[in-house]
Amino acid sequence: MNLRFSSCLLVMTLASGCSEPLCGDTCDGGNGGSGGSGGNDEGGQGGEGGQGGHGGSCSFPGGTVQIAIDLEVPFDDMHLEGALTATSATTWELDTCPPDATCDVSAIVAITVDVPGLAPQIPDGTFVSVDFAADAYPDEVERVRLTIRNLPEWSGLPNATSSEPWLWLFATTGIEDSGLPITKVKRCSHDPPPPNEAEAYSVFDLEVAADNGPDGGPFTVGPGDVVTVTYASGPEVGTFELANVHVLVDYDFDYAHYGLARTASE
């Protein structure tokens, strides 16, 4: 067994939040007319003889996705395989030592995935693959993504849970190239006037192409919402809970906090 990991907790988190009500369909403040008073919030400034612009609220709920892997070596991207056992509602131990090998305790890798609103249900002892990706930019918080999929067999042994390579859990704090049928749709914007342009941001809904959508079409999931998503075919076949914790672009930098968890083995 070549993998040997021990304790040095690397925790990737993002923190942001706001408890104000979310905006409606129109969120940017309007431009002032002539002669009225300026609108509230981001509303326009009144001129002479007319009405000021219409302000709006573009906020997002507090809460973040948290992803942590216990490794002693630096990493940006990695792939692990093993048998998964839950130690709490949001933590697991991945035994990377194959059943036909002898390993010490360093073969146990601790994994934490905490997505508010989700309760992943992965049977203990399930063979899984764990893929982790990270990116970093100067002066920005590192964004991460973690995917747990069912492994049909491991080290020549069949998976007692299922022989299907289905998805168990997906979570991200900003990396969106997941391959899932989920896209973001702009909900509203907060655009303060100069000199506060750096405080601008846009909030997004998640658009989901799933079989349980209205008339079989896509539907949107707003910030802070958790919905049931069903796929009748494809690699994500099954029923999941999708949590849109919050998705926003903050001064041209994307933060996509959401997760998708299978509700039960099929």
> Check residue 166: other-chain or 5+ apart residues with amide H under 5 Å from its amide H, H built from backbone geometry?
Replying inline: 150
> So how much accessible area does residue 108 have, in Å² to the nearest 10, using a 1.4 Å probe?
Replying inline: 60 Å²
> What whole-number value in cubic angstrom gives the convex hull volume per residue for the C-alpha atoms of the range 85-207?
Replying inline: 149 Å³
>> From the phi angles alone, apply the Karplus equation (6.51, -1.76, 1.60; θ = phi - 60°) to the range 109-118 and give each ³J(HN,Hα) in whole Hz, x where the residue is Gly or Pro.
In response: 10, 7, 10, 10, 9, 10, 10, x, x, 10
>> Would you report the distance distribution of C-alpha pairs in the range 59-107 as whole percents per 5 angstrom bin, up to the bin with the largest distance?
In response: 4, 13, 21, 22, 17, 9, 6, 4, 2, 1, 0
>> Tell me the Rg and the Dmax, in Å, that the Cα atoms of the range 171-258 produce.
In response: 14.7, 50
>> How many angstrom lie between the Cα centre of the range 63-116 and the Cα centre of the range 165-197?
In response: 25 Å
> Under a 5 Å amide H to amide H cut-off, with H placed in plane at 1.01 Å, what residues pair with residue 65 once short-range neighbours are removed?
Replying inline: 14
>> Given the options 204, 134, 159, identify the residue whose Cα lies farthest towards the positive end of the charge dipole of the range 127-211 (+1 on Cβ of Lys, Arg; -1 on Cβ of Asp, Glu).
In response: 159
> Where does each of 263, 173 land when they are ordered by accessible area, with a 1.4 Å probe and the largest first?
Replying inline: 263, 173
>> Starting from 0.36 nm per residue, how many nanometres of slack lie between residue 124 and residue 77 once their C-alpha separation is accounted for?
In response: 14.4 nm
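The values are calculated or read from the model by the stated rules, or taken from the named source; none is laboratory data. Predicted, not measured: the structure shown is a model, and the values here were computed from it. Heads up, the Cβs are rebuilt from the backbone with ideal geometry, glycines too, and the neighbour counts pull from every protein chain shown. Ligands, DNA and RNA are excluded from the accessible area calculation, which covers all protein heavy atoms including side chains. Shrake-Rupley method; radii C 1.70, N 1.55, O 1.52, S 1.80 Å.
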